[in-house]
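A quick write-up on the structure given underneath.
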Amino acid sequence: MTKKERMQAVTERLKQVYPEAVCALHYTHDYELLFATRLSAQCTDARVNIVTEKLFSDFPTLESFAEASEEEIAEDIRSCGLFRTKARDLHACAVMLLAEYGGRVPDTMEELLRLPGVGRKTANLILGDIFGKPAIVCDTHCIRLSNRLGFVRDEKDPVKVEKALRGLVTPAESSDFCHRLVLFGREHCTARAPRCTDCPLADICPSFGKMR
Ligand code: SF4
């Protein structure tokens with residue numbers, strides 16, 4: 001089986017297991033997904049959703065984020081970790097979106113990467129989920145599973161994994177594929193204890209039974 005064939009098989013299988021390929025982060029406005037993703041660095045999605053419920057209620061518009069002080073924003077996101085840096089990024093990002101993009105989140109990788117605190121992972125998530133563009137969200141699950149499923153070999157660099165996956169996954173499927181990979185990584189192929197024996201990818205995974 002070639003890598004492309006395996007990718008096709010994995011994509012189809014994950015589609016059956018997880019018909020709903022949704023982002024776990026809660027948001028209403030485009031910039032809220034951007035901010036929630038920034039908050040998710042070194043924090044769980046569940047914790048971010050708890051934090052953003054109050055945060056997005058206290059600061060219901062982009063303008064309110066821009067007008068708030070970093071300390072006021074930080075107060076709401078204390079339990080997220082790295083809260084001072086994240087508060088600074090959210091505030092600066094709101095100011096920049098209003099000043100340079102008319103209050104809209106831009107739809108190109110280049111422009112997204114200019115925003116404070118936004119890296120390729122966040123930019124890809126926005127491109128895929130907000131704009132429906134091809135996107136590879138290369139997070140810890142994506143990197144671990146790409147190695148275990150044999151799409152890359154001993155590769156930890158997210159940019160290299162992203163590049164490898166772009167050559168294998170159908171562009172239109174890429175964003176949903178990454179969401180499903182996260183669901184699968186949490187439920188079946190966890191970092192510490194992959195459940196190979198009842199894994200839906202057992203017959204096509206080159207790492208079956210080898211991870212202990
Ligand atoms: Fe992960 Fe095991 Fe499934 Fe392979 S067979 S994807 S290593 S749980």
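The values are calculated or read from the model by the stated rules, or taken from the named source; none is laboratory data. This is a predicted model, so every value here is computed, not measured. Methodologically, a virtual Cβ is constructed for each residue, glycine included, from the backbone with ideal geometry; neighbour enumeration extends over all protein chains shown. Only protein heavy atoms, including side chains, enter the accessible area calculation; ligands, DNA and RNA are left aside. Shrake-Rupley method; radii C 1.70, N 1.55, O 1.52, S 1.80 Å.
How high is the FRET efficiency from D157 to S69, r the C-beta distance, R0 22 Å, rounded to 0.05? Write down the numbers at each step before the final one.
Values: r = 37 Å, r/R0 = 1.68.
Given R0 = 22 Å and the Cβ-Cβ separation, E is 0.05.
Compute the distance in nm between two label points, each set 7 Å from the Cα along the Cα-to-Cβ direction, one at D203 and one at H26.
4.0
Based solely on its DSSP helices, what 222 nm [θ] is calculated for the chain when runs of n ≥ 4 H residues each add -39,500 (n - 2.57) and the sum is averaged over all residues, nearest 500 deg cm²/dmol? Each step should come with its number before you reach the end.
Values: 11 runs with 122 residues, N = 212.
About -17500 deg cm²/dmol.
What residue among T140, T122, T52 shows peak mean-square fluctuation when the chain is described by a Gaussian network model with Cα springs under 10 Å?
Checking each option, the largest mean-square fluctuation is seen for T140.
Sequence gap at least 6, Cα distance under 8 Å: using those rules, report the relative contact order of the chain to the nearest whole percent.
Details: 249 pairs, mean separation 45.9, N = 212.
22 percent.
What whole number of Å gives the distance from the Cα centroid of region 1-78 to the Cα centroid of region 180-212?
Measuring centre to centre over Cα atoms gives 24 Å.
What angle do you read, to the nearest 10 degrees and between 0 and 90, between the alpha-carbon axis of helix 30-39 and the longest principal axis of the chain?
70
Work out how much length T170 to F131 would gain on full extension: take 0.36 nm times their residue separation and subtract the Cα-Cα distance, in nm to one decimal. The partial results should precede the final answer.
Working: separation 39, 0.36 × 39 = 14.04 nm, distance 1.68 nm.
Contour length minus Cα-Cα distance gives 12.4 nm.
Net charge within 15 Å of M96 by Cβ-Cβ distance, Lys/Arg positive one each and Asp/Glu negative one each, not counting M96 itself?
Working: positive: R38, R88, R104, R114; negative: D30, E63, E67, E70, D89, E100, E110, E111.
Taking every Cβ under 15 Å from that of M96, the sum is -4.
Counting only other residues whose beta carbon sits under 11 Å from that of K15, what net charge do I get with K and R as +1, D and E as -1? Before the final figure, lay out the partial values.
Values: positive: R13, R180; negative: E12, E20, E173, D176.
So the environment of K15 carries a net charge of -2.
What is the spin-label model distance, in nm, from K54 to E5 if the labels are put 7 Å beyond Cα along the C-beta direction?
So the label points at K54 and E5 sit 5.5 nm apart.
Would you mind working out the magnitude of the charge dipole of the chain relative to its Cα centre, with +1 at each Lys and Arg C-beta and -1 at each Asp and Glu C-beta, to the nearest 20 Debye? Intermediate values should be presented prior to the final figure.
Numbers: 30 positive and 31 negative charges, 289 e Å.
The calculated dipole for the chain is roughly 1380 debye.
Need the full-extension length gain, R47 to Q16, defined as separation in residues times 0.36 nm minus the C-alpha distance. One decimal, nm. List each step's numbers first, then the result.
Details: separation 31, 0.36 × 31 = 11.16 nm, distance 2.81 nm.
Length difference between fully extended and current span is 8.3 nm.
Rank these residues by their accessible area, most exposed first, probe 1.4 Å: V161, V137. Kindly include the intermediate steps, with their values, before the conclusion.
Numbers: V161 0, V137 20 Å².
Largest accessible area first, the residues go V137, V161.
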